[in-house]
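To start, the structure itself, in structure tokens.
The values are calculated or read from the model by the stated rules, or taken from the named source; none is laboratory data. Keep in mind the model is a prediction, meaning the values are calculated, not measured. Counting neighbours? That spans all protein chains shown, and the Cβs are built from the backbone with ideal geometry, glycine included. For accessibility, only protein heavy atoms count, side chains too; no ligands or nucleic acids. Shrake-Rupley method; radii C 1.70, N 1.55, O 1.52, S 1.80 Å.
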Amino acid sequence: MPVLFLTIMTACLLCIDTAGGLSVHWLSAPLLTAFFVSWPTVCLPRPFRGIVQAVIGEGMIALCAIDCYCQEFFCIPLSPQILSSILLADAREVKEFVDTFIGLHMFFRWRLIGLFLLAVLLPIGLSLDKGLLRLSKSWYKIAAIVLTLCVVCEIPTWRRYAQLFCHSGSLQHLESLIFRHYQEELHTPLLRLAFAHYSLQQSMHVLSSIKHATNSARIDSCSHSSPHIVLVIGESYNKHHSTLYGYQLPTTPLQQKRMDDGELFVFRDVVTPWNITSNVFLDIFSLWECGMNNEIGDMPLFPILFRRADYSVNFFSNQYLLTGFRKTSTSQAGHFILADFEMSDSLFDFRNSKSHMFDMDLVEQVAQFKLERQRQVYTLDIIHLIGQHFSYSLRCPIENRKFSMADYADRNLSSNAKKIVMQYDNATHYNDIVLDSILTLYENEEAVVLFVADHGEEVYDELPVHGRLFQEPTTFQAKNEFEVPMWIWCSKSYTGKHPDVLSAIRSSTAKPFLTDGIPQMLLYLAGIHCKWSNDSRNMLSPRYQIKQRIIGGSVDYDKQREAESLPNE
């Protein structure tokens, strides 16, 4: 037991981030964790004890290594989002993560080196523990006193643990606690893992309610004012790397041309509630919005209303395939509607079953589907791209790469950072080609296309990082990770028949908007009326009321931006 106890305690201590200062809890919690994990193994028969202790010890070291890695490279310890990502990752995502984030650079972090050494030394220590490390009775008395003191020190913390683990608030409130790093008050990786599992289980209960609300939803009427509606959801799109929003390099020339020609209307003040795709999916698909008094579990998902209105609803994704998920594993949000077979069958007439290396191949799949299916009178096509998701170098074919290192010579960045920005901009330029190809598919139809990104991305702009930071958003994070591009395109046939809609779109491009309001826009475009349709929440309506925009579950985006614009006192 002493070897296992010391190993677990040391591993837990290595997970402590000392930047925020030290506290007695950082010592007492690891000590108690090590004791309660290792002590039961003493009762095991000797032939099995060493094997069980080795498995437990290596498992705890691995858990601590994951926690430390997340702290070192993502500025956050083990969290529900990370656990969800691990459970739901497919083979491609695992490979791309390993290619991007796993390498020799890990061995330049002393905590990871320490955990690696612990993993090597543990079996050696257990094999040598033949009574050499057996403690005397006086040491056991001292240990009992120390454990008692630790329990006393942890009583206030356990009260907070009980409040967190007995959480009865809304799903959004629970997610906001996570984004505010509340789980960091759980002082060991084992407790953080327990909370991550608990929060996922809590979300499953809420999402079960959403399923019931969706399946029982009905509409009052539908005018089918827009026969063909397309929702394109981009991925990891930093709007400030788009020419449409003033970026200095020509990353989006095709969209720019369509805007100049008056057929594409760019919205200037759009933010997303979360910087995690699964969370965004639920907020985009659900008719629940920020500021509502009821719970998200009481509201249906909008595709069901389109199916009730005789629209053919088709979902094409280059990330989320129904066969790629396990029903029992889900995050707090959008993976549920993608992982549950019954829910998927309720929401969609068709889903693709194959992903592609590049988004253009997905566009070709959409084109082939449109050729093969019998022409539907009314359609809602939802196209989810892989966009600029890491690794950026994998998001653009070699022959489509436009930018080189010479384009970034004047930027005060390291060579590696310049290379990453170049790869991201090339992916953005390729995404421009993809989006233009999607519009081409619908040019001969009476169609309207709404494009929006799920979230943004850090690409060495104000912060010296790339990717996303899962924490309460700062001003710079809000700009790069939560501000997103959004536009609406109308075909010539649609423009000629719907001048009123065109006028509504033109007059709305400067309105502040949170992307959880997209369902109301789609209901308006389709002419669907039901008990959930609300003009005050439809940005294209003159009765639209600007609402509070909460990002990351807790930050008022507009107040934060206003405060940032004030002069320093």
message = Given the criteria open to solvent by 40 Å² or more (accessible area, probe 1.4 Å), closer than 24 Å to Leu231 by Cβ and outside any strand (DSSP E or B), does Ser503 qualify?
response = yes
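Restricting attention to segment 373-392, and to residues there that are among the polar types (S, T, N, Q) and at pLDDT 95 or above, which single residue is surrounded by the most Cβ atoms within 10 Å (Cβ to Cβ)? Break it down stepwise before answering.
Just the residues of segment 373-392 that are among the polar types (S, T, N, Q), to begin with: 374, 376, 379, 388, 391.
Filter again for at pLDDT 95 or above, leaving 379, 388.
Numbers: Thr379: 22, Gln388: 26.
If we take residues in segment 373-392 being among the polar types (S, T, N, Q) and at pLDDT 95 or above, then Gln388 is surrounded by the most Cβ atoms within 10 Å (Cβ to Cβ).
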message = Suppose we filter segment 199-229 for residues that are closer than 17 Å to Ser344 by Cα and among the basic types (Lys, Arg); how many remain?
response = 1
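Among the residues of segment 395-413, is there at least one that is β-branched (Val, Ile, Thr) and at pLDDT 95 or above? Full working, then the answer.
Going residue by residue through segment 395-413, those that are β-branched (Val, Ile, Thr) are 398.
If we keep only those that are at pLDDT 95 or above as well, we get 398.
Taking every residue of segment 395-413 in turn, at least one turns out to be β-branched (Val, Ile, Thr) and at pLDDT 95 or above.
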inquiry  = Where the second residue is hydroxyl-bearing (Ser, Thr, Tyr) and assigned to a helix (DSSP H, G or I) and the first is closer than 17 Å to His187 by Cβ and lies in segment 43-72, which pairs have Cβ atoms under 8 Å and are six or more apart or on separate chains?
reply    = Met60/Thr7
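For segment 202-238, which positions are of a type outside the set (S, T, N, Q), in a helix (DSSP H, G or I) and open to solvent by 10 Å² or more (accessible area, probe 1.4 Å)? Reasoning before the result, please.
Pass one, segment 202-238, residues of a type outside the set (S, T, N, Q): 204-207, 210-213, 217-220, 222, 224, 227-235, 237.
Now restrict to residues that are in a helix (DSSP H, G or I): 204-207, 210-213.
Of everything in segment 202-238, those that are of a type outside the set (S, T, N, Q), in a helix (DSSP H, G or I) and open to solvent by 10 Å² or more (accessible area, probe 1.4 Å) turn out to be Met204, His205, Val206, Lys211, His212, Ala213.
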query = Could we say that Ile386 is under 30 Å from Asp461 (Cα atoms), of a type in the set (A, V, I, L, M) and outside any helix (DSSP H, G or I) here?
reply = yes
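Taking the stated definitions as given, is Ile518 over 26 Å from Val313 (Cβ atoms) and open to solvent by less than 10 Å² (accessible area, probe 1.4 Å)?
Against the criterion (over 26 Å from Val313 (Cβ atoms) and open to solvent by less than 10 Å² (accessible area, probe 1.4 Å)), Ile518 does not qualify.
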message = I need the full set of residues from segment 248-263 which are within 14 Å of Lys402 (Cβ to Cβ) and either touching an Asp or Glu at 6+ places or on another chain (Cβ under 8 Å) or small (Gly, Ala, Ser) (or both), in order please.
response = Leu249, Thr251, Thr252, Pro253, Leu254
request  = Would you please name the residue that is nearest to Leu523 (Cα to Cα), looking only at residues in segment 543-557 that are loosely packed, with under 15 Cβ neighbours inside 10 Å and in contact (Cβ under 8 Å) with a residue 24 or more places away in the chain?
outcome  = Ile546
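For (1) surrounded by fewer than 18 Cβ atoms within 10 Å (Cβ to Cβ); (2) assigned to a helix (DSSP H, G or I), each residue gets a yes or a no:
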site: Pro47; (1), (2): yes, yes
site: Ile51; (1), (2): yes, yes
site: Ile56; (1), (2): no, yes
site: Ile61; (1), (2): no, yes
site: Ile66; (1), (2): no, yes
site: Glu72; (1), (2): yes, yes
site: Pro77; (1), (2): no, no
site: Leu83; (1), (2): no, yes
site: Ile86; (1), (2): yes, yes
query = Among all residue pairs at least 6 apart or on different chains, which show Cβ distances below 6 Å where the first residue, located in segment 468-479, is of a type in the set (Lys, Arg) and the second is not in a loop (DSSP other than H, G, I, E, B)?
reply = Arg468/Glu481
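Yes/no matrix, rows are residues, columns are (1) among the polar types (S, T, N, Q); (2) farther than 15 Å from Ser208 by Cβ; (3) at pLDDT 75 or above; (4) open to solvent by 40 Å² or more (accessible area, probe 1.4 Å):
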{"residue": "Tyr320", "(1), (2), (3), (4)": "no, yes, yes, no"}
{"residue": "Thr330", "(1), (2), (3), (4)": "yes, no, no, no"}
{"residue": "Asp340", "(1), (2), (3), (4)": "no, no, yes, no"}
{"residue": "Ser355", "(1), (2), (3), (4)": "yes, yes, yes, yes"}
{"residue": "Gln365", "(1), (2), (3), (4)": "yes, yes, yes, yes"}
{"residue": "Leu371", "(1), (2), (3), (4)": "no, yes, yes, yes"}
ask   = Just one of the numbered conditions (1) part of a helix (DSSP H, G or I); (2) open to solvent by 40 Å² or more (accessible area, probe 1.4 Å); (3) not acidic (Asp, Glu) is not true of Leu32; which one?
value = (2)
query = Between a first residue in segment 184-207 that is closer than 17 Å to Leu87 by Cβ and a second residue that is at pLDDT 80 or above and of a type in the set (Asp, Glu), which pairs have beta carbons less than 7 Å apart while being 6 or more apart in sequence or on different chains?
reply = Pro189/Asp67; Arg192/Asp67
task = Taking Leu469 as meeting all but one of (1) part of a loop (DSSP other than H, G, I, E, B); (2) in contact with a helix residue (DSSP H, G or I) (Cβ under 7 Å, 6 or more places away or on another chain); (3) open to solvent by 40 Å² or more (accessible area, probe 1.4 Å), write down the number of the exception.
result = (3)
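Going by the conditions given, is Tyr430 at positive phi and modelled with pLDDT of 95 or more? Lay out the reasoning, then the answer.
Values: at positive phi: no; modelled with pLDDT of 95 or more: yes.
So Tyr430 fails the test.
Name every residue in segment 281-310 that is charged (D, E, K, R) and touching a Pro at 6+ places or on another chain (Cβ under 8 Å), in order of residue number. Spell out the reasoning first.
The initial filter retains those residues of segment 281-310 that are charged (D, E, K, R), namely 283, 289, 295, 298, 307-308, 310.
Of everything in segment 281-310, just one residue is charged (D, E, K, R) and touching a Pro at 6+ places or on another chain (Cβ under 8 Å), namely Asp283.
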